[in-house]
Every structure is written in structure tokens, then in C-alpha cells.
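Reviewing the structure listed below.
The values are calculated or read from the model by the stated rules, or taken from the named source; none is laboratory data. All values derive from a computational prediction rather than experimental measurement. All Cβ positions, even for glycine, are placed from backbone atoms using ideal geometry, and neighbour counts span all protein chains on display. The area values use the complete protein model at the heavy-atom level, side chains included, leaving out ligands, DNA and RNA. Shrake-Rupley method; radii C 1.70, N 1.55, O 1.52, S 1.80 Å.
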Amino acid sequence: MTKRWKPSATALILANLVPLVGVVLFGWDVFSVVFLFWLENLVVGGFNVLRMAWVERGAERRPAVKYVMIPFFAFHYGMFTLIHGVFVFSLFGGRMVQGIGFPSLVAIVDVIATQKLWVAVAALFISHGYSFVVNYLGSQEYRTVPLERLMHQPYNRIIVLHLVIIFGGFVVMTLQEPRIGIALLVVIKIVVDLRAHLGEHRKLQAAAA
């Protein structure tokens, strides 16, 4: 069977190209780009909560199980992402919440506003929202993907991206031409994202079969 190129993969690439345009045309620094990479993890987690709320497989006989697993996922994934955010803000941006150490909502909005990242943030929501509507709802993946798989699905991506962001960001900061390094980091992130996206849907198709 031939592999089909999903339109959602095109949307993902286009969303990832926005930071590249920002680097080349508007001189975004490494913190702006790394921050966007981290913020995308929050977007992914939010849409995964929607997927878990919509899923049917694994919740037919025990509908109440979703009301236990969704808060557990939200708390666990949220803490995982916030700890990741501590590294991003402290190592690259120097922005920390006093006393607690976690990036606050105020700090996040401040970064988006001061760095003029609204278009990039909107692109993230559009890309993942398109995948949710077209793939998950339109292709009725919610009928075939197990609830337990949705619990673990985002972690593979976030762990890989965490390593890419931290080590790639340090490499970029040591370069004489940071724009070239940041652009290369964006390209690497596109490759990682694309492989994860296509691999995720191949697994979902296998689970359905």
C-alpha cells in the first residue's frame, strides 16, 4: 500500500517555516525560536486533552475512566512541560517566576508581545487545529485510537524536542553567525516534527487495523 502524504503534514511544515521567516527577515534571536518550540508543547497537550475527551475506543464500557485519565494527563504533562519551560526561560531568556521558578502566564504573554510572535503562535494553533479537525474528527480516528495510547502519545515528541532545543540552542549560542545556526535549528525541528507526525498516524492506522 502506498503511503499518502497528509495535508496536515503540509500545514505542519508551513507553521514551522514561520520561525524561519522570522529569523531571516526580522532577526529573531535564539530565545524567540526556542520559546516557540516550547510553547508548541503546550498547544500539543491542549489538543491531546480534546482528543481524549472525544475518544470512543477504550471508554465505551467505562465512560467515567476519561474523567480520571484526562485530569491525570493534564497535571502530569503540564508539570513535565513547565519543567521544560524552566530550562528554556532560564538558559535562553533569563525569565523566571520569582520564588517558584516556573514560567507564568504573564511571562509567556509578555514574551509573545515583546518579541512580536503573535503570527507564529497563531500558526501553531492553526496547524494543530487542522490536524485535529481533519485527521482526528474527519477521518474518525477517535473511533479507533485507544484512550491509553493518547495518554502516552505526546511524550515521545516532547522528549525528542527537549533534547533538540537544549543542545541545539547551546550550539547556536556559540556560533559566530547565530542566524545561520537558528535557521538550521528550525530545519532540524521540521524534520523531527514531520517524522513524529507521520509516524504517529501510521501507528494509529495500524491500531485501527
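For the stretch 15-46, the set of residues classified as aliphatic (A, V, I, L, M), farther than 13 Å from A123 by Cβ and open to solvent by 10 Å² or more (accessible area, probe 1.4 Å) consists of V24, L25, V30, L42, V44, listed by residue number. Name the single residue that is farthest from V34 (Cα to Cα) among those in the stretch 136-195 being of a type in the set (F, W, Y) and either under 15 Å from the mean Cα position of the chain (by Cα) or modelled with pLDDT of 80 or more (or both). Of everything passing the filter in the stretch 136-195, Y142 is farthest from V34 (Cα to Cα). Among residues of the stretch 130-155 that are surrounded by 14 or more Cβ atoms within 10 Å (Cβ to Cβ), those with a Cβ under 8 angstrom from a residue that is modelled with pLDDT under 85 and of a type in the set (F, W, Y), sequence gap 6+ or separate chain, pair up as Y136/Y142.
Yes or no, residue by residue, for (1) touching a Gly at 6+ places or on another chain (Cβ under 8 Å); (2) among the hydrophobic types (A, V, I, L, M, F, W, C); (3) at pLDDT below 80:
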residue	(1), (2), (3)
K6	no, no, yes
A9	no, yes, yes
V24	no, yes, yes
L50	no, yes, no
G58	no, no, yes
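In this entry, F80 is excluded by the filter for residues that are open to solvent by 70 Å² or more (accessible area, probe 1.4 Å) and at pLDDT 90 or above. Considered as a group, the residues in the stretch 65-77 that are at pLDDT 90 or above and not hydrophobic (A, V, I, L, M, F, W, C) include one that is surrounded by the fewest Cβ atoms within 10 Å (Cβ to Cβ), and that residue is P71.
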